[in-house]
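Any read-out appearing in this document is the output of simple, stated calculations on the displayed coordinates, not a laboratory observation. It should be emphasised that the depicted structure is a prediction, and the values quoted were computed from it without experimental measurement.
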Amino acid sequence: MTIEVSEINATNCKTYLLASGRHAALVDPVRERYDTYRLVLTSRELTLEMVLETHTHADHLMFDRAAKQGLGVPVIMHRASPSPLVDRHVDDNEVILVGDDRITVLHTPGHTPDSVCYRVDGAVLTGDTLMIGGSGRCDFPGGDAGAQFDSVTTRLFTLPDETVVWPGHDYRGKTSSTIGEQKRTNPRFLGKTRDMYIDAMGKLGLPFPEKAQQSLQVNQSGFETSDVAFPDVSDLAALDHVRANDVAVRLREASAPLLLDVREPEEFTGELGHIEGALLVPLDALERRLPKLAGYVERDVVVICRAGARSASAGAILRRAGFQRVLNLEGGMLAWTRAGLPVQR
């Protein structure tokens, strides 16, 4: 049986329904359309088995805890996803089953570090990595134009030419294309070297999406704006970062920094563990705990989370409260463990 791909938003922001017999998956659902998706599944007599996200979105709200509970299915994202709401983390070339059909994960970083494409029989869902006649912007936190060029040219453009492309967005009224057509006609890549692509993407000068301020940090953190007084997205870029190995060196010094871990308690003791001596203050409790942290206002503080996104929000909150010597652990605990540094659980 072949997976049937249907786009069900009918807007320039695409959500796909993948159906294998009576089994189904949603790809990149938009929170405000939750009820619509329930009706579509019911009308087609489909059983939803999972939600697949191609990346952490900045232009719309992803499903929250209530939606996850209502659907009762796992949310699946790449291992680099910063969100604590992910139930299953996947890696490059990992296979996901919907019914008896296979979906292959292609890790395609560039638009975001956790960007993936999903390959099904005869088609590929490209998220914000490859558009019809374009590509996703790379100027959000963690974006990397060079990595995106590599993802498209060495991963997607090596698929068979007849592979159908289903993009995450379209602003020109086109719903699908093929890999062959994009290789021949996409102006972002046609005749471009890697350096030329990086230069061109750096000069786009695109405005931030209208909903970025209210969506990006919510999607990264799993918390709502009613839970956390998020800083401006622009404040995140002003935060200084520090590499895992440099933190390890500084922890051996007499004036070691305070390690402030802003993940959830189950993450602190979970798969990635935590750094010895780290103080756990979950992001939604940070502002309430600021008076108790006042003694550290003149001290170096390294903020930590899973992938470096929630900790960026926390670092900006600390700076807003008067903490000036704040550093964000680049790549979070994912980077710490990749470096082979010790953890506790």
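Calculate for the chain the 222 nm mean residue ellipticity that helices alone would give, adding -39,500 (n - 2.57) per DSSP H run of length 4 or more and normalising by residue count, nearest 500 deg cm²/dmol.
Counting only the DSSP helices, I get -6500 deg cm²/dmol.
Roughly what % antiparallel, to the nearest 5, for the DSSP beta bridges in the chain?
The antiparallel fraction comes to roughly 50 percent.
Once you have all Cα-Cα distances for segment 271-340, histogram them in 5 Å bins from zero and send the whole-percent values.
Answer for segment 271-340: a P(r) of 4, 17, 28, 27, 15, 7, 2 percent.
In percent, what relative contact order does the chain have, based on Cα pairs under 8 Å that are 6 or more apart in sequence?
13 percent
Calculate the radius of gyration of the Cα atoms of segment 4-202 to one decimal place, then report Dmax, the largest Cα-Cα distance, as a whole number, both in Å.
That works out to 16.1, 49 Å for Rg and Dmax.
Ratio of the chain's C-alpha Rg to 2.2 N^0.38 Å, to two decimals?
This ratio for the chain stands at 1.02.
Take segment 206-341, compute every pairwise Cα distance, and split them into 5 Å bins from 0; I just need the percent in each bin.
Result, from short to long distances: 2, 11, 22, 24, 21, 13, 5, 2, 0, 0 percent.
Across the chain, how many lysine pairs, 8 or more positions apart or on different chains, have C-alpha atoms separated by under 27 Å? Please give the number.
Lysine pairs satisfying the spacing and distance rule in the chain number 14.
Among DSSP beta bridges lying fully in segment 4-202, give the percent that are antiparallel, nearest 5.
65 percent
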